[in-house]
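Take a look at the structure below.
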Amino acid sequence: MQFLDHHLQAVRDREGVRTISVPMQRAIRPFQDVVSLYRLYRVFKKEKPAIVHSVSPKAGLLSMVAAYFAGVPIRMHLFTGLIFPTKTGLSHFLLLQMDRILCAFATHIYPEGNGVRSDLIRYGVTKKPLHIIANGNITGVDTNSFTIPTEEEKNTLRTSYGIGPDDTVFLYVGRLVGDKGINELIAAFIAPEMQSKLVKLLIVGYLESKLDPLKLETIQAIETNEKIIFVGFQADVRPYYAAADCLILPSYREGFPNVLLQGGAMGLPSIVTNVNGCNEIITEGFNGTIIPVKNKDAIVAAMLDFTANGKISEVKKLEIREHISSNYSQQLVWSAVKEEYDRLIEVEKN
């Protein structure tokens with residue numbers, strides 16, 4: 001809980017708002033989940049909000065059920081991605097039913113992108129109208145903070161890690177879990193044909209050892225390979241985007257990944273898998289490359305192709321940034337969310 005409270009306090013201080021902490025478990029924990037549900041109900045009953053807007057799967061389920069029984073009139077849930085399509089057997093069934101229950105208690109459903117919307121329809125998760133806010137994504141990207149770096153900014157971190165001027169740097173930003181394709185990424189990067197090149201793999205994020213842990217050989221390679229630079233979680237990721245030449249996200253599933261928006265705002269092309277969100281942000285041949293899921297050889301081929309073609313021009317960087325700025329800027333998304341809040345409240349009044 002210290003991690004959660006720390007970030008909640010940061011939101012309170014930054015935004016100047018009152019916050020209330022309700023502990024939850026990410027995994028299914030029946031007893032703790034019932035306790036969290038009751039605590040949420042108590043909060044909603046006391047605070048009497050006009051809107052409850054949930055995002056993540058577990059918090060969404062508990063929040064929508066608690067808000068329903070507390071009499072909250074507008075109950076919004078935004079699906080940032082679906083877990084059950086990548087699962088099988090009982091796990092697939094349970095996760096699907098949980099999303100269906102969530103939707104039953106929500107009044108309004110928002111998929112984060114067109115891919116998530118299609119899956120909600122295809123699996124019959126809900127028959128309620130599905131509305132995508134703005135062009136997708138949950139918060140947009142702050143294009144004033146994420147900008148194309150100068151040569152000095154680019155070289156500062158590269159020099160500190162001993163990255164040479166001719167090295168091609170691939171960057172991964174996110175949780176280190178199996179579903180993010182890290183096992184395949186590391187296996188591809190340590191392949192002989194990659195190790196013979198002037199390349200580095202920069203990894204930013206924290207290792208999850210309980211939920212969907214990495215293979216032992218993957219962890220060992222991260223710890224021992226001299227061309228892999230693992231820096232752990234970083235509060236400010238911009239210096240790492242600045243040091244990179246290409247972002248890589250070989251995930252099994254996504255909703256609408258913020259890392260691609262952040263990297264794109266800084267002029268980075270991306271190698272991504274053909275999954276929801278990734279294939280909506282990245283256009284083959286324009287701002288990146290799209291490859292099959294769970295395919296080590298495809299990752300190798302994409303990285304080799306990028307290194308062979310050389311680093312992209314400043315003009316191309318500007319084009320990639322403009323695409324992100326015009327479609328996914330933070331202000332654009334925030335304004336669209338505010339308009340939706342106002343619209344729903346006005347409808348509720350009438």
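Remarks
- Some residue of segment 237-250 being without any contact (Cβ under 8 Å) to a residue 12 or more places away in the chain, out of contact with any helix residue (DSSP H, G or I) (no Cβ under 7 Å at 6 or more places or on another chain), over 26 Å from residue 133 (Cα atoms) and surrounded by fewer than 19 Cβ atoms within 10 Å (Cβ to Cβ): no
- Residues in segment 215-236 that are under 21 Å from the mean Cα position of the chain (by Cα) and open to solvent by 20 Å² or more (accessible area, probe 1.4 Å) were compared, and the one that is farthest from residue 163 (Cα to Cα) is 235.
- Residues that are out of contact with any Asp or Glu (no Cβ under 9 Å at 6 or more places or on another chain), open to solvent by 60 Å² or more (accessible area, probe 1.4 Å) and more than 20 Å from residue 49 (Cα to Cα), drawn from segment 3-29: 3, 4, 5, 6, 7, 9, 13, 14, 26, 28, 29
- Number of positions in segment 1-33 that are modelled with pLDDT of 90 or more and among the small types (Gly, Ala, Ser): 2
- Residue check, residue 283 modelled with pLDDT of 95 or more, closer than 22 Å to residue 203 by Cβ, among the polar types (S, T, N, Q) and open to solvent by 10 Å² or more (accessible area, probe 1.4 Å): no
- One residue from 174, 136, 205 being crowded, with 16+ Cβ neighbours inside 10 Å, within 18 Å of the chain's Cα centre (by Cα) and modelled with pLDDT under 95: 136
- Contacts under 9 angstrom Cβ, first residue in segment 201-215 being closer than 14 Å to residue 232 by Cα, partner part of a strand (DSSP E or B) and open to solvent by 70 Å² or more (accessible area, probe 1.4 Å), 6 or more apart: 201/230; 202/230; 203/230; 204/230; 205/230; 207/230
The values are calculated or read from the model by the stated rules, or taken from the named source; none is laboratory data. Please read all numbers here as calculations on a predicted model, not as lab measurements. As a convention, Cβ positions derive from the backbone with ideal geometry for all residues, glycine included, and neighbour counts pool all protein chains shown. To get the accessible areas, we keep the full protein, side chains included, count just its heavy atoms, and leave off ligands, DNA and RNA. Shrake-Rupley method; radii C 1.70, N 1.55, O 1.52, S 1.80 Å.
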